[in-house]
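Encoded as C-alpha cells, the structure appears first; notes follow it.
The values are calculated or read from the model by the stated rules, or taken from the named source; none is laboratory data. Note that the structure is predicted; figures quoted are calculated from it, not measured. All Cβ positions, glycine included, derive from the backbone under ideal geometry; neighbour counts span all protein chains shown. To get the accessible areas, we keep the full protein, side chains included, count just its heavy atoms, and leave off ligands, DNA and RNA. Shrake-Rupley method; radii C 1.70, N 1.55, O 1.52, S 1.80 Å.
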Amino acid sequence: MLLHGGLCVGHLTELVGPSSAGKTQICLKVASGVATRYMGGVVFIDTGNSFSPLRIAHFINQIPDTIFKEVKQNILEKVMSQILCHSVFDIFAMLDVVHQLEYSLRSQVQTGADQVRLLIVDSISSLITPILGGSGSHGRALMISAGFLLKKLAHEHNLAVVVTNHMVGGEGGILKPALGESWKSIPHVRLLLSRDPGSSICHMSILKHSYMASGRAARFMI
Amino acid sequence: MAARGWICTDESAKEMLSRVSAERSLMLLPPLHRVPLRLGNVVEIAGPSPSAKTQILIQAAVYCILPKEWRGVHYGGLEHLVMFIDLDCRFDILCLSQSLKHRLMETSGSGNKVNWEQNDDPWGSGTEEPNIGYDEELFAACMRRFLYIRCYDSFEFLATLKTLRYRLQRARETHGVTAHFLMIDSIGAFYWVDRASTSLHLESNSRKRLSLQSISETVVEEIRKLLLVHPMLVLATKATILGDTYSTNEVKRTSMKLSSNDPSNLRTVTGGPQKLSYREFMPLVWQSFVTHRILVRAADDDPANSKYQSRSIFLSEWLMPSLNFSDKFIVRDAGVFVVS
C-alpha cells in the first residue's frame with residue numbers, strides 16, 4: 001500500500017488513530033510489503049502482543065506471484081525470517097533494543113539483502129504514557145531522547161521508522177493525539193487514521209508532513 | 001607620533017556609507033516584512049507545532065542564496081551564504097530545492113507555464129522536468145551557498161557553535177562571500193532533555209555544572225561572540241511546547257474536513273482570529289537575547305473556502321515590536337504570500 005509515493009526512508013512516520021482504526025494492520029502490511037518486495041529486514045517492536053505471524057502470512061499469500069506450492073513455501077519462510085519481532089513492555093527495554101540495532105548496523109558490512117530497512121514500534125505511546133508525569137521533566141526528556149534516537153537511526157542508516165500512537169480526549173470531548181505538544185515536533189510525518197464504525201473502510205489524512213499540505217485524505221480498505 | 005596616528009581618520013564618509021549600506025535592513029519576505037531587520041538582530045519565530053515556521057526559514061534561505069543577477073537575468077537575491085543548524089533533525093532538503101527550482105524557473109521566464117499547483121507530487125512524472133529551462137549551473141551554485149549542520153543533542157549543538165567561526169571563515173574563503181543568515185531550527189528542541197539532565201559532579205568545582213541554565217548561557221554567549229566577528233541575522237524557530245488551546249483546534253479542523261462530505265453535518269465554523277495564549281519557556285538569558293519576536297499559527301479553515309482548500313491559512317503577529325494586527329499568509333511552492 002503506497003500512499004503519495006510511500007514511506008520515506010530516513011523519516012519518522014507516526015500513525016495516529018483511535019483504537020481499532022487499523023494501525024497495527026497497516027504496520028503488518030507494510031512489514032510484509034518491505035520484506036517481500038524489497039527483501040529488506042524488518043524489526044518490529046511490539047508492545048501489546050499484537051504481532052501476528054498468521055496475518056503476515058496472509059498478506060504474503062495474497063501476492064499473486066507464484067503458482068507452485070513449494071516455491072511459495074520457500075518465499076514464505078524467507079520472508080518470515082527477515083521479520084524480527086521483539087516484545088517490549090517498557091521504554092528502557094525499547095531503548096535497549098534500538099541501541100542494539102544501532103550497534104549492529106554500525107558494525108555491519110554493507111550487504112544488499114537482509115539489511116534492515118524498516119523499524120516499526122507498535123504503540124510507542126503505550127511505552128511513554130506511563131512515564132509522562134504532570135510537571136516533572138524526566139518523562140518528557142526520555143520521550144524526546146527516544147524520538148531523537150529513532151530519527152538518528154533513520155537518517156544515518158537509511159531506515160524508515162514507523163511508530164503508532166493512540167488518541168486521548170481533549171477539550172470539548174474532541175479526540176487528540178496522545179503524548180502532548182512536545183511530541184508534535186518529533187515525527188516528520190503524522191498520519192491520522194479513522195475507521196467508519198461497522199465498515200472496513202479506513203480514512204487516512206495527513207496531519208503534518210514536511211512538504212505536503214496537511215489535510216489530504218484517502219480512503220482505503222485493508 | 002602615536003597621538004598623530006590617533007587623530008588620523010579611519011575612513012572617509014564614502015567608505016562609511018558603503019559599509020553601512022551593506023549592513024542595511026534586509027528586505028525580507030512575508031510574514032517578516034513588516035519590521036526592518038538588520039544584521040545582528042535575533043528574530044524568534046514562535047508557534048505551535050504545524051505552523052509553517054520551517055517554511056518561512058526555507059523561503060528566507062532561498063532569497064538569500066539567489067544571486068542578484070546571472071547572465072543578464074535579474075533574480076534579486078542577496079547572493080550570500082546561509083548557515084542552517086538543524087536541531088529538530090526534520091529538515092527536508094527536497095523542500096528547499098523545490099522552492100529554489102521554482103523561483104529560478106519563474107524568474108527566467110520560461111515559456112511553458114507548468115501549473116505547479118496541481119503537480120504537488122515530488123515524484124511526479126519525469127517528463128515534465130527536463131523541458132523547462134532552469135540553469136543547472138546556477139542551481140548548483142545556489143545550493144552550494146546553503147550550509148547545513150544537524151545536531152542530535154545539546155553537546156553537539158555547543159560543539160557546533162564553538163567551531164562555527166572557523167567553519168564560516170573557511171566558507172568565506174571558498175565562496176568569497178560571507179554568511180548573512182544563521183538559521184536555527186527549533187531552539188527549544190532540547191529543552192526537556194536539558195532540564196532533566198543531572199548535574200555532573202566532577203572533582204574540581206571550577207567545572208561548570210550541566211544544567212539548562214548553563215547550556216543556554218553558553219549558547220547565547222557563543223552566538224554573541226560569533227556575531228561580533230561575522231555579523232549575521234539570526235532566525236530561530238521555536239515550537240511553543242507549553243501550548244494548550246491549539247491542539248484541539250487542529251484535530252477539530254481535520255475531523256471537520258473528513259466529515260465535510262456529509263451534507264447533514266452542521267457547519268459550526270469558529271470564525272475570527274483567536275487570542276493566542278502563549279507561554280514562554282526558554283530561560284531568561286535567551287529571552288533577553290532575542291531582539292524581535294513573531295508568532296505564527298494556523299488559522300481555523302473555513303471548509304467552504306474552496307480556493308485554498310489544500311492549503312491552510314496561517315496567521316502571523318509581531319510580538320516584539322508589538323504591532324496590533326496580524327497578517328494572514330499561505331504557503332505555496334512559489335513562496336509565502338500574504339492573503340489580505
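A few remarks follow.
- The alpha carbons of segment A:113-189 give a radius of gyration and a Dmax of 13.9, 50 Å, in that order.
- Calculated P(r) of segment A:74-160 - Cα pairs past 19 Å, %: 46 percent
- Per-residue mean of foreign Cβ neighbours for A:154-161 is 1 (Cβ atoms of other chains, 10 Å radius).
- Excluding ligands, DNA and RNA and using a 1.4 Å probe, chains B and A jointly bury around 3600 Å² of accessible surface, summed across both partners.
- For segment A:28-90, the square roots of the Cα gyration tensor eigenvalues, ordered a ≥ b ≥ c, give a/c of at least 1.5 with a/b greater than b/c, which places it in the prolate category.
- Most tightly packed first, judged by the mean number of other beta-carbon atoms within 10 Å of their residues, the peptides B:153-162, A:119-128 read A:119-128, B:153-162.
- Over 20 Å apart at the Cα level, from the set A:Lys176/B:Lys238; A:Lys29/A:Lys69; A:Lys23/A:Lys184; B:Lys14/B:Lys68, are A:Lys176/B:Lys238; A:Lys29/A:Lys69; B:Lys14/B:Lys68.
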